[in-house]
Amino acid sequence: MKLLPLQIHQGLHPAQLQRAAQLYFETFRQQINPILGAESRAIAFLRQAINPQSALTARYDGIMVGLAGLRFDGQQFLQLQLPLFIRHFGWLLGRIRFRQATLFERPLPAGQLALDSLTVAPDMRGQGVGTGLLNAVVEFASRKGFEAVCIQVPNTAPAFYRLCRRLGFNYTETQNWPALSSFGITTFTTLTKTV
């Protein structure tokens, strides 16, 4: 596999939020559609939910081709707050959709940084973007003084699981999540890498 010369940056500028939301939607469409609805509405919501400080981006030729969403020190990549859901979907539907979104929340052990999401533009997959981002996440965690990076991989992402294992992430446990079966997810496998 030929690795592209990527530029990895921490954070997002306001002008990059649209592209970040589109990349996220393209990767997690199956899980997002039942909660956020059609593409245009979902992307508008995601633009407001993304925390620019909890992201690492990969760029190639000045274009964002990948994105890593992080969770650490009380910061989350997606700030899924009830008022945002109510503003987008109304009082009743907003509460229902907020409750659906919270089904995806998973605890984070102390001293760890979590990679909550990794997205790569469809036309750039298989060219080292995911590898570059995962390595950058580990380096970021080391600089920030975390003990380990934690990733919880759903059963719907076997290629991502293989990539993480190839890059030195170790198996910790597999948990059943029957509440997410309507989204196609039945288990999460936890992988960690000491930094």
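The values are calculated or read from the model by the stated rules, or taken from the named source; none is laboratory data. Being a predicted model, the structure only gives us computed values, none of them experimental. Counting neighbours? That spans all protein chains shown, and the Cβs are built from the backbone with ideal geometry, glycine included.
Name every residue in segment 1-12 that is part of a loop (DSSP other than H, G, I, E, B) and either of a type outside the set (A, V, I, L, M, F, W, C) or under 29 Å from Ile96 (Cα atoms) (or both), in order of residue number.
Lys2, Pro5, Gly11
Only residues in segment 95-115 that are more than 15 Å from Thr190 (Cα to Cα) and aliphatic (A, V, I, L, M) count as the first member; pair them with residues that are exposed (fewer than 13 other Cβ atoms within 10 Å of the Cβ) and modelled with pLDDT of 90 or more, Cβ under 8 angstrom, at least 6 apart or cross-chain, and list the lot.
Once the first residue is more than 15 Å from Thr190 (Cα to Cα) and aliphatic (A, V, I, L, M) and sits in segment 95-115, no partner that is exposed (fewer than 13 other Cβ atoms within 10 Å of the Cβ) and modelled with pLDDT of 90 or more comes close enough.
How about segment 13-42: which of its residues are of a type outside the set (Gly, Ala, Ser) and under 20 Å from Leu103 (Cα atoms)?
Result: Tyr24, Phe25, Thr27, Phe28, Arg29, Gln30, Gln31, Ile32, Asn33, Pro34, Ile35, Leu36.
Mind listing whichever residues of segment 2-41 are among the aliphatic types (A, V, I, L, M), at pLDDT below 95 and under 25 Å from Asn155 (Cβ atoms)?
Within segment 2-41, Ile32, Ile35, Leu36 qualify.
What number of residues within segment 107-117 are assigned to a loop (DSSP other than H, G, I, E, B) and at pLDDT 95 or above?
Qualifying residue count for the region: 0.
Of everything in segment 65-115, what is among the β-branched types (Val, Ile, Thr) and under 22 Å from Leu23 (Cβ atoms)? Give them in sequence order.
Val65
What's the total number of residues in segment 15-34 that are touching a residue at least 12 places away in the same chain (Cβ under 8 Å) and either within 18 Å of Gly62 (Cα to Cα) or out of contact with any Leu (no Cβ under 9 Å at 6 or more places or on another chain) (or both)?
Count: 12.
Among the residues of segment 48-76, what is the count of those that are touching a strand residue (DSSP E or B) at 6+ places or on another chain (Cβ under 8 Å), farther than 21 Å from Val153 by Cβ and assigned to a helix (DSSP H, G or I)?
Looking only at that region, the number is 2.
Do the conditions hold for Phe45, that is, is it crowded, with 18+ Cβ neighbours inside 10 Å, outside any loop (DSSP other than H, G, I, E, B) and over 15 Å from the mean Cα position of the chain (by Cα)?
Yes; evaluated as a whole, the condition is true for this residue.
Quick one: Ala20 ticks every box in (1) over 19 Å from Phe183 (Cβ atoms); (2) more than 14 Å from the chain's Cα centre (by Cα); (3) not in a strand (DSSP E or B) except a single one, so which number is it?
(2)
For segment 12-20, does any single residue satisfy the condition of being over 29 Å from Gly111 (Cβ atoms), among the aliphatic types (A, V, I, L, M) and in contact with a helix residue (DSSP H, G or I) (Cβ under 9 Å, 6 or more places away or on another chain)?
Yes, the conditions are met somewhere in segment 12-20.
Could you count how many residues in segment 40-53 are farther than 11 Å from Ala20 by Cβ, of a type in the set (Gly, Ala, Ser) and touching a residue at least 12 places away in the same chain (Cβ under 8 Å)?
2
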